[in-house]
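So the structure is just underneath, and the comments pick up after that.
Bear in mind that the values in this text are calculations on the coordinates, not laboratory data. Note that the structure is a prediction, hence the values are computed from the model and not measured. Glycine gets a Cβ as well: all are built from the backbone with ideal geometry, and neighbour counts include every protein chain shown.
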Amino acid sequence: MKTFLTIILGFLCIYLYAYNWTLYGPSGVHANNILFGAGSHSYSVICTNTGICVNDCPCGGWNTYTLGLPVWEAAPHDTSHILLVAGNGSYSDGIYNFDIISHTFNIIQYCYIPTLIRLCTVNNLYYAGTRYNSLLYSTDGITWDTVPYFSDKACAALDYYEQHLVAIQENNLFATYFSSDSGQSWAQSLSNILLHDIAFHPSGLLYGVFTGFSNSSGLYLSADYGETWNIVQWSDQMNTVGFDVAGNIFAGWHSSTIESPGVAVYDTISQNFNFISEGLPNKNIHKFKINPLLSNATIFTCTDTGVYYCNDYLTNNTEIIATSGQIKIYPNVFNDNGFYVSVNSDAKACNVRLSLYDFSGRLLEQQEEKFDGNSIFIEHFNASDLKQGLYFLVVDIDNASQIFKLVKICARS
């Protein structure tokens, strides 16, 4: 149960820095969500309350395409199409296909008050949730059927990690369902938590948000893929949770009655929220996303007045002691033989953690060392099991972080 003191501490924000929040996309749009990497040109797609905005101008600018319905989420389909879910209680609600070339919307499947659309790469299935009556699936994004377990259940949010899928039903007291076999079978959570949003951390930990004003509102954590849940931090009006490529945990608030505190990074060591909202034009937060094409720690934030991004939330709080001259990665580009990482301690004893992530932000390998000053730390990463593609290496030296982009290529046979 929360105490009055806990509530006060949860919202006590002392802003020591002004953070650099930069507008991404058109100003003034109600941004419900954002998709990166759409189509053959890797367009960005902002989901708004009336349609979508796409950065498909030859000069890199944005065009607005009106559907007349709120769009909640978009998913990649093929080189010239995206899928999206739209509607909030009309006869036009459903799953739509948007043609990136002709700029036309086409209805694929009617469904009342859809909530999400997601391509799950562990089973190569598309999922679409609805607020009140079902969770749909499709093998091709065109023909849709109901997941049998959810024939009488709604789905407000869904996420996955490896073979683990978790779905929540926000309008039901026993609201969390999990699968440990890539969606073939489902079971109900043992915890009685009414969650509003969920997201898997790159480590496999699952975070959830209980929104609104109540004695149970706050940030929750499941260490067993949704089967049981425990409170992390009490807080009213929290709306969403997300992560950057380094695994930093972000919480966002939204309120129509009081001023929202905006965005905070959750410190797992001190177990406190470090607010980074200073400089953010709008503090009503809908979603956090990362752009996989960026190699640095950048968080994209969807708000009531547009999408904004920030990449100085680490440097404003911690002096970066690991400069590019102190860290060397070789070779980059690498092959099956892998690569080496060398860190010069610069005459200072420190703790070093190396974390390798794939393109989607999934943690693949982590190595930690503690060593004295006046020494060079060298570690080898074997890459024989890695596929060709883009990877991220996060180097943590004490409390400072740097992110490096790496590329693996496979030798031609």
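Straight Cα distances below 14 angstrom link LYS328 to the aspartates and glutamates ASP346, GLU379, ASP396, with same-chain residues fewer than 8 positions distant left out.
This model, with +1 at the C-beta of Lys and Arg and -1 at the C-beta of Asp and Glu, gives the chain a dipole about its Cα centre of some 340 debye. Excluding SER222 itself, what net charge comes from residues whose Cβ is under 14 Å from its Cβ, given Lys and Arg +1 and Asp and Glu -1? It works out to a net charge of -4.
Full extension of the segment from HIS41 to ILE269, taken as 0.36 nm per residue of separation minus the current Cα-Cα distance, would add 78.0 nm.
Reducing the stretch 54-98 and the stretch 376-405 to their Cα centroids gives an inter-centroid distance of 36 Å.
Of all segments of the chain bounded by GluC sites (Glu not before Pro) found in a DSSP loop with no more than 13 other C-beta atoms within 10 Å, the longest spans 1-161.
Mean separation of Cα pairs under 8 Å and 6+ residues apart, divided by the residue count of the chain: what relative contact order is that in percent?
Details: 1109 pairs, mean separation 44.3, N = 413.
Worked out over the chain, it gives 11 percent.
The gain in end-to-end length when the ASP385 to VAL407 segment is fully stretched comes to 6.5 nm, 0.36 nm per residue minus the alpha carbon separation.
Working from the alpha-carbon coordinates of the stretch 19-155, get Rg over Rh, Rh being the Kirkwood radius.
Over the Cα atoms of the stretch 19-155, Rg/Rh equals 0.98.
Residue separation of SER214 and ASP78 scaled by 0.36 nm, minus their Cα-Cα distance, works out to 44.6 nm of gained length.
Springs between Cα atoms under 10 Å define the GNM used for the chain, and in it the highest mean-square fluctuation of ALA400, ALA175, ALA74 occurs at ALA400.
Counting Lys and Arg as +1 and Asp and Glu as -1, what is the net charge of the other residues whose Cβ lies under 15 Å from the Cβ of GLY306?
The answer is +2.
Think of it as helices only: each DSSP H run of n ≥ 4 in the chain is worth -39500 (n - 2.57), and spread over all residues that comes to -500 deg cm²/dmol at 222 nm.
The reciprocal of the average 1/r between distinct C-alpha atoms defines the Kirkwood hydrodynamic radius, which for the chain equals 22.5 Å. Here's the picture: charge each Lys and Arg Cβ at +1 and each Asp and Glu Cβ at -1 in the chain, and of VAL307, LEU125, VAL209 the one pushed furthest to the positive end of that dipole is VAL307. Packing here is the average count of other Cβ atoms within 10 Å per residue, and on that basis the peptides 142-154, 242-254, highest first, run 242-254, 142-154.
In sequence order, the stretch 298-307 has phi-based couplings of 9, 10, 9, 10, 8, 10, 5, 10, x, 9 Hz under the Karplus curve 6.51 cos²θ - 1.76 cosθ + 1.60, θ = phi - 60°, and Gly or Pro positions carry x.
Here the Gaussian network model covers the chain, with springs between Cα atoms less than 10 Å apart; of ALA187, ALA156, ALA86, ALA187 fluctuates the most.
When the charge dipole of the chain is built from unit charges on Cβ atoms (+1 for Lys and Arg, -1 for Asp and Glu) and taken about the Cα centre, the candidate among LEU386, TYR160, ILE52 whose Cα reaches farthest toward its positive end is ILE52. With neighbours defined as other Cβ atoms within 10 Å of a residue's Cβ, the residues TYR132, TYR137 order from fewest to most as TYR132, TYR137.
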